[in-house]
Amino acid sequence: MKNNNNKEEQQVQKQEFLFDSINYKILLIGIAVIALGFILMSGGGSKDPNVFNEDIFNFRRIRLAPTTVLIGFGITIYSIFKKSK
């Protein structure tokens, strides 16, 4: 009876995370890059609805922000597929 109880306790103590710590760090970096991309997309509104604001078509919102978001998604996908040693 005691042997079965000890084996169960050892199995409970040997639980591991799904990924290594480096995977989680890379994942958090990817999430931060995605958040940065969405922050770069924000803004450009106009206080007067009758006035059109040209800032919505600038380089930051059209090219830089979506590219940053896609790079962030690539980083997160890499963190999921990275093999542990």
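The values are calculated or read from the model by the stated rules, or taken from the named source; none is laboratory data. Predicted model, so just to flag it, every value in this text is computed and none were measured. For accessibility, only protein heavy atoms count, side chains too; no ligands or nucleic acids. Shrake-Rupley method; radii C 1.70, N 1.55, O 1.52, S 1.80 Å.
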So how much slack lies between D48 and I77, counting 0.36 nm per residue of separation and subtracting their Cα-Cα distance, in nm?
6.3 nm
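Just the number, please: carbon plus sulfur as a percent of the accessible area of the range 11-52, 1.4 Å probe, no ligands or DNA/RNA counted.
Solvent-exposed carbon and sulfur of the range 11-52 make up 65 percent of the total.
If the chain between Y24 and L36 were fully stretched, how many nm would it gain, using 0.36 nm times the residue separation less the Cα-Cα distance? Intermediate results must be reported in sequence, preceding the final value.
On the way: separation 12, 0.36 × 12 = 4.32 nm, distance 1.83 nm.
Computed gain between Y24 and L36 is 2.5 nm.
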Ranking by accessible area, most exposed first, for I75, I80 with a 1.4 Å probe:
I80, I75
